[in-house]
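Each remark here refers to the structure printed beneath this line.
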Amino acid sequence: MPRRTLLAGCAAGVLAGCTSGSGAGGGAGGVVSGTGLRRRAARDSSALLARYDATAVAHPALAGALGPLRESVAAHVAALAGAGGTSPDGAAGGDAAAPAPAGAAPEVPGEPERALQALIDAERAMADQRLRALAGAPPELARLLASLAAAGAAQAHLLSEARP
(Lines give C-alpha, C1' and ligand atoms only; values in the text may rest on other atoms or scores of the structure.)
Protein backbone atom coordinates (compact mmCIF):
# COMPACT_ATOMS: atom_id res chain seq x y z
CA MET A 1 0.00 0.00 0.00
CA PRO A 2 2.28 2.78 -1.21
CA ARG A 3 -0.28 5.54 -0.58
CA ARG A 4 -0.60 4.69 3.10
CA THR A 5 3.15 4.44 3.40
CA LEU A 6 3.48 7.86 1.78
CA LEU A 7 0.79 9.30 4.05
CA ALA A 8 2.40 7.87 7.16
CA GLY A 9 5.86 9.07 6.14
CA CYS A 10 4.66 12.58 5.36
CA ALA A 11 2.67 12.75 8.57
CA ALA A 12 5.74 11.71 10.56
CA GLY A 13 7.79 14.42 8.86
CA VAL A 14 5.13 17.03 9.51
CA LEU A 15 4.86 15.94 13.15
CA ALA A 16 8.60 16.30 13.57
CA GLY A 17 8.57 19.73 11.99
CA CYS A 18 5.69 21.11 14.06
CA THR A 19 6.83 20.39 17.57
CA SER A 20 8.73 23.60 18.14
CA GLY A 21 7.83 24.77 21.59
CA SER A 22 9.89 27.97 21.43
CA GLY A 23 8.11 31.14 22.37
CA ALA A 24 7.50 33.94 19.95
CA GLY A 25 10.62 36.00 19.41
CA GLY A 26 11.01 39.65 18.67
CA GLY A 27 11.08 41.03 22.21
CA ALA A 28 8.22 41.77 24.56
CA GLY A 29 6.21 43.54 21.84
CA GLY A 30 6.39 40.44 19.64
CA VAL A 31 5.11 38.19 22.38
CA VAL A 32 2.16 40.46 23.11
CA SER A 33 1.21 40.99 19.48
CA GLY A 34 1.61 37.31 18.65
CA THR A 35 -0.53 35.95 21.48
CA GLY A 36 -3.88 36.64 19.83
CA LEU A 37 -2.64 35.39 16.48
CA ARG A 38 -1.33 32.20 18.08
CA ARG A 39 -4.64 31.61 19.89
CA ARG A 40 -6.64 32.17 16.71
CA ALA A 41 -4.40 29.78 14.80
CA ALA A 42 -4.78 27.17 17.56
CA ARG A 43 -8.59 27.55 17.51
CA ASP A 44 -8.61 27.21 13.73
CA SER A 45 -6.47 24.08 13.93
CA SER A 46 -8.78 22.68 16.61
CA ALA A 47 -11.75 23.26 14.30
CA LEU A 48 -9.90 21.46 11.49
CA LEU A 49 -9.15 18.60 13.88
CA ALA A 50 -12.86 18.39 14.72
CA ARG A 51 -13.61 18.26 10.97
CA TYR A 52 -11.21 15.30 10.56
CA ASP A 53 -12.86 13.53 13.51
CA ALA A 54 -16.38 14.17 12.20
CA THR A 55 -15.40 12.95 8.73
CA ALA A 56 -13.89 9.74 10.14
CA VAL A 57 -17.07 9.10 12.14
CA ALA A 58 -19.35 9.83 9.18
CA HIS A 59 -17.23 7.74 6.79
CA PRO A 60 -15.49 4.93 8.71
CA ALA A 61 -13.95 3.60 5.48
CA LEU A 62 -11.89 6.82 5.27
CA ALA A 63 -10.68 6.68 8.89
CA GLY A 64 -7.53 4.69 8.07
CA ALA A 65 -6.40 7.10 5.38
CA LEU A 66 -7.29 10.13 7.50
CA GLY A 67 -5.57 8.88 10.66
CA PRO A 68 -2.00 10.04 9.96
CA LEU A 69 -3.20 13.40 8.65
CA ARG A 70 -5.47 13.85 11.66
CA GLU A 71 -2.50 13.19 13.95
CA SER A 72 -0.54 15.83 12.09
CA VAL A 73 -3.30 18.38 12.71
CA ALA A 74 -3.32 17.37 16.40
CA ALA A 75 0.43 18.10 16.47
CA HIS A 76 -0.27 21.52 14.94
CA VAL A 77 -2.72 22.27 17.75
CA ALA A 78 -0.14 21.18 20.30
CA ALA A 79 2.61 23.27 18.68
CA LEU A 80 0.42 26.36 18.64
CA ALA A 81 -0.86 25.92 22.19
CA GLY A 82 2.44 24.67 23.65
CA ALA A 83 4.40 27.91 23.78
CA GLY A 84 1.51 29.93 25.14
CA GLY A 85 0.80 27.44 27.94
CA THR A 86 -2.91 27.53 27.18
CA SER A 87 -5.29 25.40 25.25
CA PRO A 88 -7.03 26.89 22.18
CA ASP A 89 -10.00 27.85 24.37
CA GLY A 90 -7.71 29.89 26.63
CA ALA A 91 -7.65 27.49 29.58
CA ALA A 92 -4.26 26.94 31.17
CA GLY A 93 -2.80 23.46 31.03
CA GLY A 94 -5.46 21.97 28.76
CA ASP A 95 -4.93 19.03 26.42
CA ALA A 96 -3.55 20.82 23.39
CA ALA A 97 -4.41 17.94 21.07
CA ALA A 98 -8.08 17.92 22.05
CA PRO A 99 -10.66 19.05 19.53
CA ALA A 100 -12.29 22.46 19.77
CA PRO A 101 -14.54 23.08 22.75
CA ALA A 102 -18.02 21.61 22.65
CA GLY A 103 -20.22 23.10 20.00
CA ALA A 104 -21.91 22.10 16.83
CA ALA A 105 -20.00 19.34 15.08
CA PRO A 106 -18.87 20.27 11.58
CA GLU A 107 -21.23 19.17 8.84
CA VAL A 108 -19.84 16.34 6.77
CA PRO A 109 -21.14 15.65 3.26
CA GLY A 110 -22.84 12.27 2.89
CA GLU A 111 -20.69 11.09 0.00
CA PRO A 112 -17.07 10.12 0.79
CA GLU A 113 -15.74 11.99 -2.27
CA ARG A 114 -17.45 15.22 -1.21
CA ALA A 115 -16.33 14.73 2.40
CA LEU A 116 -12.72 14.46 1.23
CA GLN A 117 -13.18 17.54 -0.94
CA ALA A 118 -14.47 19.45 2.10
CA LEU A 119 -11.30 18.49 4.00
CA ILE A 120 -9.14 19.49 1.03
CA ASP A 121 -10.89 22.86 0.86
CA ALA A 122 -10.49 23.36 4.63
CA GLU A 123 -6.77 22.52 4.51
CA ARG A 124 -6.19 24.89 1.58
CA ALA A 125 -8.15 27.71 3.22
CA MET A 126 -6.19 27.24 6.45
CA ALA A 127 -2.87 27.28 4.58
CA ASP A 128 -3.85 30.47 2.74
CA GLN A 129 -5.00 32.11 5.97
CA ARG A 130 -1.71 31.26 7.70
CA LEU A 131 0.31 32.68 4.82
CA ARG A 132 -1.65 35.94 5.02
CA ALA A 133 -0.99 36.11 8.78
CA LEU A 134 2.80 35.93 8.34
CA ALA A 135 3.25 39.68 7.81
CA GLY A 136 1.88 40.57 11.23
CA ALA A 137 3.49 37.75 13.20
CA PRO A 138 6.62 37.93 15.36
CA PRO A 139 9.56 36.01 13.81
CA GLU A 140 9.25 32.74 15.74
CA LEU A 141 5.49 32.56 15.25
CA ALA A 142 5.92 33.48 11.57
CA ARG A 143 8.26 30.52 11.13
CA LEU A 144 5.75 28.21 12.80
CA LEU A 145 2.85 29.55 10.73
CA ALA A 146 4.89 29.17 7.53
CA SER A 147 5.66 25.55 8.44
CA LEU A 148 2.02 24.89 9.23
CA ALA A 149 0.91 26.51 5.97
CA ALA A 150 3.29 24.27 4.04
CA ALA A 151 2.07 21.23 5.97
CA GLY A 152 -1.54 22.15 5.21
CA ALA A 153 -0.82 22.49 1.50
CA ALA A 154 0.91 19.10 1.55
CA GLN A 155 -2.00 17.55 3.40
CA ALA A 156 -4.45 18.96 0.87
CA HIS A 157 -2.41 17.30 -1.88
CA LEU A 158 -2.25 14.00 0.04
CA LEU A 159 -6.00 14.10 0.60
CA SER A 160 -6.54 14.55 -3.12
CA GLU A 161 -4.40 11.46 -3.70
CA ALA A 162 -6.45 9.47 -1.15
CA ARG A 163 -9.66 9.71 -3.18
CA PRO A 164 -11.34 6.34 -3.69
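The values are calculated or read from the model by the stated rules, or taken from the named source; none is laboratory data. Please read these numbers as outputs of a predicted model, since none were measured by experiment. With ideal geometry, Cβ positions are generated from the backbone for all residues, glycine too; neighbour counts draw on all protein chains shown.
Which numbered condition trips up A102, out of (1) of a type in the set (A, V, I, L, M, F, W, C); (2) farther than 20 Å from A150 by Cβ; (3) at pLDDT 55 or above? If we test A102 against (1) of a type in the set (A, V, I, L, M, F, W, C); (2) farther than 20 Å from A150 by Cβ; (3) at pLDDT 55 or above, just (3) comes out false. Considering every residue within the range 122-129, establish whether at least one is loosely packed, with under 14 Cβ neighbours inside 10 Å and under 19 Å from P106 (Cβ atoms). Within the range 122-129, one or more residues are loosely packed, with under 14 Cβ neighbours inside 10 Å and under 19 Å from P106 (Cβ atoms).
If V32 satisfies all but one of (1) surrounded by fewer than 21 Cβ atoms within 10 Å (Cβ to Cβ); (2) modelled with pLDDT of 90 or more, what's the number of the condition it fails? It is condition (2) that V32 fails. Say whether the condition of being in a helix (DSSP H, G or I) and at pLDDT below 50 is met by at least one residue in the range 67-79. No, that holds for no residue. Taken across the range 43-51, residues that are surrounded by fewer than 19 Cβ atoms within 10 Å (Cβ to Cβ), over 18 Å from A149 (Cβ atoms) and modelled with pLDDT of 95 or more do not occur at all.
Residues that are part of a helix (DSSP H, G or I) and over 16 Å from the mean Cα position of the chain (by Cα) were ranked within the range 135-164; the one that is surrounded by the most Cβ atoms within 10 Å (Cβ to Cβ) is E140.
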